[in-house]
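For reference, the structure discussed in these notes is given below.
All of the numbers you see were taken from the coordinates with simple rules; none came from a lab. Here the structure is a predicted model, which is why all the values come from computation and not from measurement. Using ideal geometry, Cβ is built from the backbone for each residue, glycine included, and neighbour counts are taken over all protein chains shown.
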Amino acid sequence: MSLITASDLLSRLGSVILLDARPDLQAYQTGHLPGARHADLNRQLSTACDPGHDPARGGRHPLPPVDRFAAQLGAWGIGTGTEVVVYDASGGGNAAARLWWMLRALGHGQVKLLDGGLPAALAAGMIMTTEPPVLPIVPSYPADRWNSPTKSGEAVEALRKDPACKLLDVRSAERWRGEAEPFDPVAGHIPGSLNLAWNDNLDPNGRFKSPEALRAQFEALLDGTPPEGLTVHCGSGVTACHTLLALDLAGLPGATLYVGSWSEWCRSGRPMSPEPKSQP
């Protein structure tokens, strides 16, 4: 199971390493769960802050080199036998699910996402602290490649025309329809893609739906396509990982991540739907 409840975590505090994936460092410094390390999406979970970063090559949040992330895990005190719990304040959608995917993709199976995130932890009686964590640095994590499947823009261009495959965009319906685009220069979607927003994986309380409900949701979308034929993307390869986690919970693992996602695609000169309006 890739989730842990807040009540279970409360009984395990001190025996797991916590990673706080909220995007705001100041919020983390103002208060975090005891012992939690801060995982920065732009600096540690991607190369967004690297000199020369170009969203047209890899999107807004490209994966970091494996050796860099492996070294970061060591700096957080994470080795091959370490139990890890990741959380954010948005049901996993900030960056906790991306962090879960990265750990799993590196081959680390002992990682769970806190269901309901920080709000669930506080409701269960956990107290936030401003104390910095003690970091027992261990050697770089022993990994030399991402083990989970990813696809390039070139591969997505080919598969979107393949009737045996499906391409799923998990941004909001408004962004997919091209009615709004708060982050990228062009609104719209990859032609042929389906749309099911990542937060449709959650119930009204911000927790993941049951495995049975998720399975029914995805089987209706897949319509006979095996999970291995599904490629998932979003704006920059972050919330797509939330749906990959949900597919795992549903017992439908094997889908692929398009890391560059819309942020790369819309800058690539490839077809878009609806077609961008010409500028006056």
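Take the conditions (1) at negative phi; (2) surrounded by fewer than 18 Cβ atoms within 10 Å (Cβ to Cβ); (3) of a type in the set (Asp, Glu); residue 223 misses just one of them, which is (1). In segment 8-35, of all residues being assigned to a loop (DSSP other than H, G, I, E, B) and hydrophobic (A, V, I, L, M, F, W, C), the one that is farthest from residue 86 (Cα to Cα) corresponds to 13.
Which residue pairs have Cβ atoms closer than 8 Å, lie 6 or more positions apart in sequence or on different chains, and pair a first residue in segment 165-178 that is without any contact (Cβ under 8 Å) to a residue 60 or more places away in the chain with a second residue that is among the acidic types (Asp, Glu)? Taking only residues 6 or more apart or on different chains, the pairs are 176/169.
Looking at segment 54-83 only, could you name the residues that are outside any loop (DSSP other than H, G, I, E, B) and either under 17 Å from residue 28 (Cβ atoms) or under 13 Å from the mean Cα position of the chain (by Cα) (or both)? If the condition is that a residue be outside any loop (DSSP other than H, G, I, E, B) and either under 17 Å from residue 28 (Cβ atoms) or under 13 Å from the mean Cα position of the chain (by Cα) (or both), then 72, 75 are the ones that fit. Reported count of residues in segment 188-199, each being more than 12 Å from residue 265 (Cβ to Cβ), in contact with a helix residue (DSSP H, G or I) (Cβ under 7 Å, 6 or more places away or on another chain) and outside any loop (DSSP other than H, G, I, E, B), is 3.
Residue-level check: of (1) more than 13 Å from the chain's Cα centre (by Cα); (2) of a type in the set (A, V, I, L, M); (3) outside any loop (DSSP other than H, G, I, E, B), residue 245 misses just (1).
Among the residues of segment 55-73, the one identified as closer than 16 Å to residue 40 by Cα, touching a Ser or Thr at 6+ places or on another chain (Cβ under 7 Å) and surrounded by fewer than 17 Cβ atoms within 10 Å (Cβ to Cβ) is 71.
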